[in-house]
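Data first, discussion second: the structure below is written as structure tokens.
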Amino acid sequence: MRLIPNAKRIAIRSHSMWANYLGILCLVAPELIFWLFERDTNPRIWWIAGVTLIAYGIFGRLKDQGIGDKLHSPFSVTIAAFLLAAFPIVSQWEGKENRAYLDRIASPPVWTVCYGETRGVKQGDYYSDAQCRVMLERGLIEYRNGLHLYFTDETITHRLTAERDAAYVSLAWNVGMRGAGKSTATRRLNAGNISGGCTALTWWNRAGGRVVRGLARRRQAEYDLCMIGAA
């Protein structure tokens, strides 16, 4: 069984899911109350409440709750539009190796392939350009879904163009999801300061305490992408 890409977000934020959670709780409530407090309660009341909540939950899953794969916003950012903006910038700066190589910079060293993929990679593996693209796109979607958990609903629905979405995911792909999610760039964007958030992306240009030319150029490219439509 494979979960949908935004399963975690739906499980946490969907009101229909919470109706199901509470409905199940109502159905077991009489037994819990008796076990904890040795008190009998009217099971009919709990049964009616539980069934009502579960029925609402089933109906609610058919209703658009604004947390699906397509963002309901003035930008209507779809997965396809996001990938159209994200794939070129990430693939450009990550570089591609079709044959698995041992990344000795990692600690411990790890077999790596394509655009930095390590999961399930072993010595001697070879992937075509098409396979590498699919692998990167899959990873970008995973990072996007994870990074969106750090964004407010207002940010997701009103501030994320496909290009800006791609710029932030590019940063997360390079520095880590947690680092990007808790960064000043994300906090500024959530506060409504779009240009300030884009500027803060450029601060991630150091390694070992010094500015690295390659990182500075990548951050500038992300800034340029982020600022599209900012005016």
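The values are calculated or read from the model by the stated rules, or taken from the named source; none is laboratory data. Predicted model, so just to flag it, every value in this text is computed and none were measured. Please note: Cβ atoms are built from the backbone with ideal geometry, for glycine as well, and neighbour counts cover all protein chains shown.
Among the residues of this structure, T184 does not count as one that is β-branched (V, I, T) and crowded, with 16+ Cβ neighbours inside 10 Å. Taking the listed residues D165, D129, the one that is at pLDDT 95 or above, surrounded by 17 or more Cβ atoms within 10 Å (Cβ to Cβ), closer than 19 Å to F87 by Cβ and not basic (K, R) is D165, with no other qualifying. Only residues that are of a type in the set (S, T, Y) and modelled with pLDDT under 95 were counted in region 190-231, giving 0. Considering only region 88-115, state which residues are at positive phi and surrounded by fewer than 18 Cβ atoms within 10 Å (Cβ to Cβ). Answer for region 88-115, where residues must be at positive phi and surrounded by fewer than 18 Cβ atoms within 10 Å (Cβ to Cβ): just G95.
Scanning region 167-209 for residues that are outside any helix (DSSP H, G or I) and either touching a strand residue (DSSP E or B) at 6+ places or on another chain (Cβ under 8 Å) or under 20 Å from E117 (Cβ atoms) (or both) turns up G176, N205.
Please work out if R178 is surrounded by 14 or more Cβ atoms within 10 Å (Cβ to Cβ), within 20 Å of the chain's Cα centre (by Cα), over 22 Å from F87 (Cβ atoms) and not acidic (D, E). No. Of L225, L149, all but one fail to be over 16 Å from the mean Cα position of the chain (by Cα) and closer than 30 Å to V110 by Cβ; the exception is L225. When the residues of region 140-162 are filtered to those that are touching a residue at least 40 places away in the same chain (Cβ under 8 Å) and β-branched (V, I, T), the one that is surrounded by the most Cβ atoms within 10 Å (Cβ to Cβ) is T161.
For R144, are the conditions met, namely being part of a helix (DSSP H, G or I) and in contact with a Phe, Trp or Tyr (Cβ under 7 Å, 6 or more places away or on another chain)? Taking the combined requirement at face value, the residue satisfies it.
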